[in-house]
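Heads up, the thing below is written out as structure tokens.
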Amino acid sequence: MRAYAAAFSMRLKMELQYRAAALGGILCQIFFGLVLIALYRALYASRPQTLPIGSVVTYVWINQAFFRMLLSWDTDLLDKLRTGAIAYDLCRPVSLYGYYYARIAAMKLVGSLLRAVPMLLFAILLPEGWRVGPPVSAGALAAAFAGLGLGLACVTAMECVTMGITMRTIDHRGVMALLNLLMVTFSGNLLPLTLFPDSWQRVITLLPYAQLLDAPIRLYTGERPLSAAPGILGLQALWTLALAALGLWIWRHNLRRITIQGG
Amino acid sequence: MSYITVTDLGKTFTVRKKREKGGPGREKTLVRALSQVSFQVEKGELVGCIGPNGAGKSTTVKILSGILVPDEGSATVDGRVPWKERREHVRRIGVVFGQRTQLWWDVPIIDSFRLLKEIYLVPGPAFEKRLSELTEALELGGLLRTPLRLMSLGQRMRAELCGSLLHSPELLFLDEPTIGLDAPSKLALRDFLRRENREKGTTILLTTHDMEDIAALCPRVMVLGHGRKLYDGALTGLLSRYDTLRIAHVRYADGARPPALPPDCALSREGDTWQILYHPAQTPTAGLLTLLQSAGAIQELTLQGQNVDHLIAAMYEEMAL
């Protein structure tokens, strides 16, 4: 375990070096947050919806704040696959999957916290109707945090599946373009899942993408009651395990037939 | 049983090439990287492995370090099959790929070293001792807090080597470790490797294109070409077969020119120095000297053998590589 913990903390350290990137990300996400909220306010002004606007605004802010958790990939690993430097990682006495799972989790954790904390502080200070709302209860906040943790575990497992596919295609761009589209659509980043028609919601909230941020946000805003928390967290855990098992299988299979690029 | 036993090892890669005349799809070609390679290495040996580009050297190293799975044949290192008992195997070995990096690009190298310490579960005191030993030998003391990206190639190479040796491996694979190094760095590196081998009993398998590496380090050399083993034995034994030519440089005090020489000798001129290529088997050196002296008073005379690189080139040519 020590090795994986060390890989995790190493990646934390490294991610902290990219502070300028984080600042750029914050500005970009704040801009997107404001534009999206202006859009939904206009929509509500012309045609009020059943879901309160405050809940949509909070949804948008939290989703934007944790954008880096959804869409970020280990560029080091991609480079290593492309150039063949992965050879070094293959001669370490660790599970390659576990090693990269730890690294990717650390990257997503720091990447999103570096941006989320200042962004949410900013979003609290905004005027009424624009600001991020408080959690419905202390219990809801605790459940949302647990959900966020599981969301991180789930998105990391998902990323490892993507990487497993990339190992075969060598270049990541084609696969990534497709998967990113699915990600922004079904994670609620493009349009809050709470605004989809009810019949759609019944299906898309079961997909793995909804387990990342949508599930914890619904607990936070009280859109799902605290009594539903065990079921929600259970579904998150289930998807995490399923994706981790799939990823592990793909990686194992890949290593048996790997070739090292670049001589 | 030997420490490393390789029997009839074979590996084929599929290479997809673009078709020559446009057209859709790609041509698949099979490249036989290794075929029926067998050898043994005993514990504590220092073996060099040479061969032209694409001869199968790196493939051999990758198979023996558990990265690649061969298609045919078998290999064991210390009784283990590298690609089957990968984790147990790699715990005991160190690998340096001269053209790649294992250290983290953006962080100080000491952080990378500490990560390696955790990966190989090196106990704290043993790590500190080994680190100070290695930083001294590789002259890395002042660089530990420097991120890798700010280092020169030579510094980086020494850092890579340090990283590969932190867990005191009993077997070391070096794939072109002196690539791109300047002369002092090369000498220091060779010196260091020799000491590791002698004092710690580390078994070393080295691939290189630098014949000086081989001449300085390896009592035993293997030649690979087209995926086959072509020679396995002492370097001197290998060279003596091709080392048939000597070069004499002669300068006369009064600007005289050499007399007529036997037909196997080739004469050329560089300024006031004459260069004679000859085959000692046909024209013994003593006979040639007598002839040269007959033309006038010799002011300066040097005799030299061929450059090792020339010999290797001649050998590759004869082996049709």
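The values are calculated or read from the model by the stated rules, or taken from the named source; none is laboratory data. Bear in mind that the values here come from a model prediction, so they are computed numbers and not experimental data. Methodologically, a virtual Cβ is constructed for each residue, glycine included, from the backbone with ideal geometry; neighbour enumeration extends over all protein chains shown.
A few points about this structure:
- Test: residue in segment A:73-80 that is buried (at least 22 other Cβ atoms within 10 Å of the Cβ), modelled with pLDDT under 90 and within 30 Å of A:ILE250 (Cα to Cα): yes
- Among the residues of segment B:25-69, those identified as small (Gly, Ala, Ser) and part of a strand (DSSP E or B) are B:ALA33, B:SER35, B:SER38, B:GLY48.
- Residue that is surrounded by fewer than 20 Cβ atoms within 10 Å (Cβ to Cβ), among the small types (Gly, Ala, Ser), more than 8 Å from chain A (Cβ to nearest Cβ) and touching a helix residue (DSSP H, G or I) at 6+ places or on another chain (Cβ under 7 Å), where the choices are B:ALA75, B:ALA126, B:ALA137: B:ALA137
- When A:TYR97, A:TYR101, A:TYR88, A:TYR59 are checked against the criterion of being crowded, with 16+ Cβ neighbours inside 10 Å and either touching a strand residue (DSSP E or B) at 6+ places or on another chain (Cβ under 8 Å) or on the phi > 0 side of the Ramachandran plot (or both), a single residue qualifies: A:TYR88.
- Among the residues of segment B:89-106, the one identified as at the interface with chain A (Cβ under 7 Å from one of its Cβ atoms) and assigned to a helix (DSSP H, G or I) is B:VAL90.
- Considering residues of segment A:140-164 that are without any contact (Cβ under 8 Å) to a residue 60 or more places away in the chain and under 18 Å from the mean Cα position of the chain (by Cα) only, the residue surrounded by the most Cβ atoms within 10 Å (Cβ to Cβ): A:THR156
- Each residue in segment A:41-56 was checked for being free of Cβ contacts under 8 Å to residues at least 40 places away in the same chain, part of a helix (DSSP H, G or I) and surrounded by 14 or more Cβ atoms within 10 Å (Cβ to Cβ), and 2 of them qualify.
- Residue match in segment B:32-44 (condition: within 22 Å of the chain's Cα centre (by Cα), of a type in the set (Ser, Thr, Tyr) and closer than 30 Å to B:LEU311 by Cα): yes
- Among residues of segment A:62-72 being part of a helix (DSSP H, G or I) and of a type in the set (A, V, I, L, M), the one that is surrounded by the fewest Cβ atoms within 10 Å (Cβ to Cβ) is A:LEU70.
- Among residues of segment A:73-116 being more than 9 Å from chain B (Cβ to nearest Cβ) and outside any helix (DSSP H, G or I), the one that is nearest to A:PHE145 (Cα to Cα) is A:TRP73.
- In the condition set (1) on the phi > 0 side of the Ramachandran plot; (2) over 12 Å from the mean Cα position of the chain (by Cα); (3) buried (at least 20 other Cβ atoms within 10 Å of the Cβ); (4) not aliphatic (A, V, I, L, M), B:THR60 is compliant with all but (1).
- Restricting segment A:230-263 to residues that are β-branched (Val, Ile, Thr) and within 14 Å of chain B (Cβ to nearest Cβ), the residue that is surrounded by the fewest Cβ atoms within 10 Å (Cβ to Cβ): A:THR259
- Qualifying position, being more than 14 Å from chain B (Cβ to nearest Cβ) and at positive phi, among A:GLY149, A:GLY129: A:GLY129
- When A:ARG168 is tested against (1) buried (at least 19 other Cβ atoms within 10 Å of the Cβ); (2) within 14 Å of chain B (Cβ to nearest Cβ); (3) basic (Lys, Arg), exactly one condition is not met: (1).
- Residue satisfying condition, being surrounded by fewer than 19 Cβ atoms within 10 Å (Cβ to Cβ) and touching a residue at least 60 places away in the same chain (Cβ under 8 Å), within set B:LYS43, B:LYS18: B:LYS43
- Taking the criterion of being surrounded by fewer than 22 Cβ atoms within 10 Å (Cβ to Cβ) and assigned to a helix (DSSP H, G or I), the residues of segment A:117-139 that qualify are A:VAL117, A:PRO118, A:LEU120, A:LEU121, A:PHE122, A:ILE124, A:ALA138, A:GLY139.
- Restricting attention to segment B:193-238, the residues that are free of Cβ contacts under 8 Å to residues at least 12 places away in the same chain and either in a loop (DSSP other than H, G, I, E, B) or among the charged types (D, E, K, R) (or both) add up to 2.
- Which numbered condition B:GLY98 fails, given (1) over 23 Å from B:GLY56 (Cβ atoms); (2) crowded, with 18+ Cβ neighbours inside 10 Å: (1)
- Taken over segment A:15-35, residues that are within 14 Å of another protein chain (Cβ to nearest Cβ), touching a residue at least 12 places away in the same chain (Cβ under 8 Å) and surrounded by fewer than 20 Cβ atoms within 10 Å (Cβ to Cβ) amount to 2.
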